[in-house]
Amino acid sequence: MYIIVIAWLYVVVLMAATEKSVAAGLLTFTFYGLLPCTLLLWVLGVKHRRHYRNRQLLEQDVREPDRSDTQADQ
């Protein structure tokens, strides 16, 4: 996934370098490079973040005691 982002940013940097003004180059880099890459990484990272959050919740449940009364009423 990261190789695609790196390659795309390389292409966009070259595109931005050929613009006639610095402002046009910065806008090209921002709107063709940074924003789409950020959106792509965020969308493709949702599954990873969900898995990481579920793993943390599972580890938290394993570490905490059950807190149920296992003895008979007295």
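The values are calculated or read from the model by the stated rules, or taken from the named source; none is laboratory data. Source: prediction; values computed, not measured. We place every Cβ from the backbone using ideal geometry, glycine too, and count neighbours over all the protein chains shown. These area figures cover heavy atoms from the full protein model, side chains too; ligands, DNA and RNA do not enter into them. Shrake-Rupley method; radii C 1.70, N 1.55, O 1.52, S 1.80 Å.
Before moving on, here are some points about what is shown:
- Pairs linking a residue in the range 1-13 that is closer than 13 Å to Gly25 by Cα to a residue that is assigned to a helix (DSSP H, G or I) and open to solvent by 70 Å² or more (accessible area, probe 1.4 Å), with Cβ atoms under 7 Å and 6 or more positions apart or on different chains, are Val12/Tyr32.
- Flag for Asp61 being loosely packed, with under 11 Cβ neighbours inside 10 Å, at pLDDT below 95, not in a helix (DSSP H, G or I) and not aliphatic (A, V, I, L, M): no
- Count of the range 7-57 residues, restricted to those that are exposed (fewer than 11 other Cβ atoms within 10 Å of the Cβ), of a type in the set (A, V, I, L, M, F, W, C) and within 16 Å of the chain's Cα centre (by Cα), is 4.
- Contact annotation: residue pairs with Cβ atoms under 7 Å, 6 or more positions apart or on different chains, pairing a residue in the range 38-53 that is farther than 20 Å from Val12 by Cα with a partner that is open to solvent by less than 100 Å² (accessible area, probe 1.4 Å), are Leu44/Met1.
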